[in-house]
Structure formats: C-alpha cells, structure tokens
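Here is the structure we will look at.
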Amino acid sequence: MSYTAEYIWIDGTAPTAEVRAKTKILADGEEPGIWGFDGSSTNQASGDNSDVVLQPVFSCPDPFRGGDNILVLCETLLPGDFAVHPSNTRAAAREALEKYGDHEPLFGMEQEYTMLEPASGWPAGFPPNAFPLPQGPYYCGVGAVKITGRDIVEEHIDACLKARLAISGVNAEVMPGQWEFQIGPVDTVTVGDHIWMARYLMYRIGEKHHLEISLAAKPMKGDWNGAGMHTNFSTKAMREGYDAVIAAAESLGAPGKPEEHLAGYGIGIEDRLTGEHETQRYDQFSYGVSDRGASVRIPWQVAQDKKGYIEDRRPNANADPYVVATLMTNTVCGAAL
Ligand code: ADP
Ligand code: MN
Ligand code: MN
Ligand code: MN
C-alpha cells in the first residue's frame, strides 16, 4: 500500500509570492522527508545552480484525496549547508515567536479574496461586460442577485475543517464576487501556516469551478472596495488589561513604524489605502474605537471589556502572513519589554 504527500511551498515570484505544489508517492510507514525542486522555474534559483530543498514543517489530512493522504507545507532551504532560502519568510516568524513566545502572541487574520473569470479577469459577481448595482446589498448578502460562488465557499469551509485548519468564519464581502475567510486565533507561525494552506485549498477549489481566486488588493478601480487581510492581534497582557491594548496601538504608530510595516503589508497598498472604502490613507496613522476609517481599530467589545485585542486594518489581501505576523510580534512585544 502507498499514500500521497502533496508538498506545498511558497515561491520567489515578485512582487507577490505564489503557492507551488507537487506530489510524492510514499510507501506505507514511510515518512515524508526532505525533498527538492527546480528553483529556476519558480524564481528561486538560476539555471546553473537550480536545486532548492523542501523541508516539511506542517502537515495535515488532504481533504481532496482523503484516506491517509496528506498535505505537507514546507520551508525552502539552500542545498549544501541547508541555510534558510532568501524567499523563506517563515524563518523570521519562527525567530519572532522564539524571542517573544512568553508574551503568548495570538493572531486572527481575515483573508479577503475575489473570484475572477479566468479568461476576462472580470469579477465573477459582475454581469459580462457591465457593472452591477453599486455596493450596499452584497456584504453578508443572500440571494442569487447579490451572491456568486457560495458553493465554492461552502466547499472551502468543508476542506479547511477536514484539514483541521483553524478557520473561524466566512462572509460575503462588500464588492460582488468578493469573500472572506478568517483563520485564528493562533500563534505567529501557525497563522501563516494555516493562511497559506487555506489559500492553497481555495485555489484548488477554484480550479474545479473554473474560477481564478485573486488576492489582488484593488481588483476593480473606482467605487469598489479593495481586498485586505485585516490582522487581529493580542498578547497575554492585552487579553488581561486595557493599558496593554492602548500601548500596542501606540507602538504601531511610533516614529518609523508605519513605513516599516506598510513595506511588508503587500503590493499596491497606496491603491487600496486611499482613505475611502473603510480605510485610512497609507500616509497617515490613526487608531480608534470602532473606527473602520482608522489604521488600527479597537473593537467596541474590547473597549467595553477593557481587555482583548486590536485590529490592524492595513495589510493587503496579497500580503505574506508570515511577514505581517513577524512585524506585529516584533513591534508590539518589542515595545512592551
Ligand atoms: P471583523 O468584525 O473585523 O470583520 P472578523 O469576525 O472577521 O472581524 O474577524 C475577527 C478575528 O479576530 C477572528 O479571526 C478571530 O479569530 C480573531 N480574534 C478574536 N479574538 C482574538 C484575540 N484575542 N487575539 C487575536 N485575534 C483574535
Ligand atoms: Mn471580517
Ligand atoms: Mn472583510
Ligand atoms: Mn476586519
């Protein structure tokens, strides 16, 4: 008897890395060990020195193949000395968690995405060659006029649960064809593992339904919401008291910090953070209770309970969750020392 391990990794495509995957057939009882691939085909190596190493770091049941088959998320390493590959952003998340683990950082990420017709690139919720009625009825909407792709969303929930990912919810978004799923609350490394794995599952289900799943930050110019990856964050101290919540929001606005964070929050951030469509402008920093026009929101429940978490509303849908989680852990925990 044999089983399959689907090796999944993040490539070196710029400006936004993408998911790659290939299958290994293993004998029963055989462990999915290190493997390799042709980095010259993934923007991770040159042709004359093309091998890149795959190091399994997180595995879970394969919801598509079922049975004993598994998905294996990998870090990329250099052959020879097994040093961390330059495109491997998970390594820094590991280091941040190692350094600040006693703060018990927890993340909940809200991954927005848009379903597109692959041939035209037009959102699946838009009529062919035309625009739908303006935004308003679509967010959390119900009914065929407002909603496209719910069967994909339902299959994705099912796949995430079968893979035992920490999915915590889904909703239809403000622009037609746009949806969101949430992962969390989990630690600095796990949130990236589960977001990348959940993205992979979503792309696969999109293949089946002949729709492209896009993480573009502003898929439709004009009066249409962009797609973000709001990042909810807490430490043990924040979950216990309000001073730590305020200190966390303040630390994100300290001199130099907004620029440092925006550089890691995904490509096309100026197109999305316009100050319109429930965003703060990219060149301004603010935080406030219940304020969806702020960079950082303190949920009303948190202000009421005087403890909890903050929501950084700035990361783009196309951001790397390892990079976002590393920045937030280092900035907030570093300031709290
Ligand atoms: P929104 O109202 O912004 O749409 P969502 O319900 O989509 O919020 O997402 C909230 C996220 O916050 C969820 O992913 C949840 O897991 C996460 N979350 C809840 N409590 C905490 C906490 N203490 N620390 C970090 N994340 C949290
Ligand atoms: Mn949400
Ligand atoms: Mn949303
Ligand atoms: Mn949100």
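The values are calculated or read from the model by the stated rules, or taken from the named source; none is laboratory data. Bear in mind the structure is a predicted one, so any value in this text is a computation, not a measurement. FYI the Cβ positions are ideal-geometry reconstructions off the backbone, even for glycines, and counts take in every protein chain you see. Quick note on the areas: whole protein, heavy atoms, side chains included, nothing else; ligands and nucleic acids left out. Shrake-Rupley method; radii C 1.70, N 1.55, O 1.52, S 1.80 Å.
Data for the structure
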{"item": "Extreme residue, nearest to Ile152 (Cα to Cα), among residues of the range 214-270 that are among the β-branched types (Val, Ile, Thr) and out of contact with any helix residue (DSSP H, G or I) (no Cβ under 9 Å at 6 or more places or on another chain)", "result": "Ile267"}
{"item": "Any hit, the range 124-142, residues being closer than 24 Å to Arg90 by Cβ and within 16 Å of ligand 4 (Cβ to nearest atom)", "result": "no"}
{"item": "Any chance Val72 is surrounded by 14 or more Cβ atoms within 10 Å (Cβ to Cβ) and free of Cβ contacts under 8 Å to residues at least 12 places away in the same chain", "result": "no"}
{"item": "Residue check, Asp38 over 26 Å from the mean Cα position of the chain (by Cα) and either of a type outside the set (D, E, K, R) or exposed (fewer than 14 other Cβ atoms within 10 Å of the Cβ) (or both)", "result": "no"}
{"item": "The range 163-198, subset charged (D, E, K, R) and either part of a strand (DSSP E or B) or in contact with a strand residue (DSSP E or B) (Cβ under 6 Å, 6 or more places away or on another chain) (or both), residue nearest to Arg20 (Cα to Cα)", "result": "Asp193"}
{"item": "The range 92-126, subset open to solvent by less than 10 Å² (accessible area, probe 1.4 Å) and not hydrophobic (A, V, I, L, M, F, W, C), residue farthest from Met238 (Cα to Cα)", "result": "Pro123"}
{"item": "Residues that are in contact with a Phe, Trp or Tyr (Cβ under 7 Å, 6 or more places away or on another chain) and aromatic (Phe, Trp, Tyr), drawn from the range 20-76", "result": "Trp35"}
{"item": "Condition met for Asp102 (within 30 Å of Glu240 (Cα to Cα) and of a type in the set (Asp, Glu))", "result": "yes"}
{"item": "Flag for Ala198 being in contact with a Cys (Cβ under 7 Å, 6 or more places away or on another chain) and within 15 Å of ligand 2 (Cβ to nearest atom)", "result": "yes"}
{"item": "Among the residues listed as Ala249, Ala254, Ala227, the single one being of a type outside the set (Lys, Arg) and either open to solvent by 20 Å² or more (accessible area, probe 1.4 Å) or not assigned by TED's automatic domain parsing to the domain that holds Thr331 (or both)", "result": "Ala254"}
{"item": "Tally, over the range 10-67, of residues that are in contact (Cβ under 8 Å) with a residue 40 or more places away in the chain, out of contact with any Ser or Thr (no Cβ under 9 Å at 6 or more places or on another chain) and part of a strand (DSSP E or B)", "result": "8"}
{"item": "Subset tally (residues that are surrounded by 17 or more Cβ atoms within 10 Å (Cβ to Cβ) and either over 20 Å from the mean Cα position of the chain (by Cα) or touching a residue at least 40 places away in the same chain (Cβ under 8 Å) (or both)) for the range 142-176", "result": "15"}
{"item": "Ala93 small (Gly, Ala, Ser), modelled with pLDDT of 95 or more and under 20 Å from the mean Cα position of the chain (by Cα)", "result": "yes"}
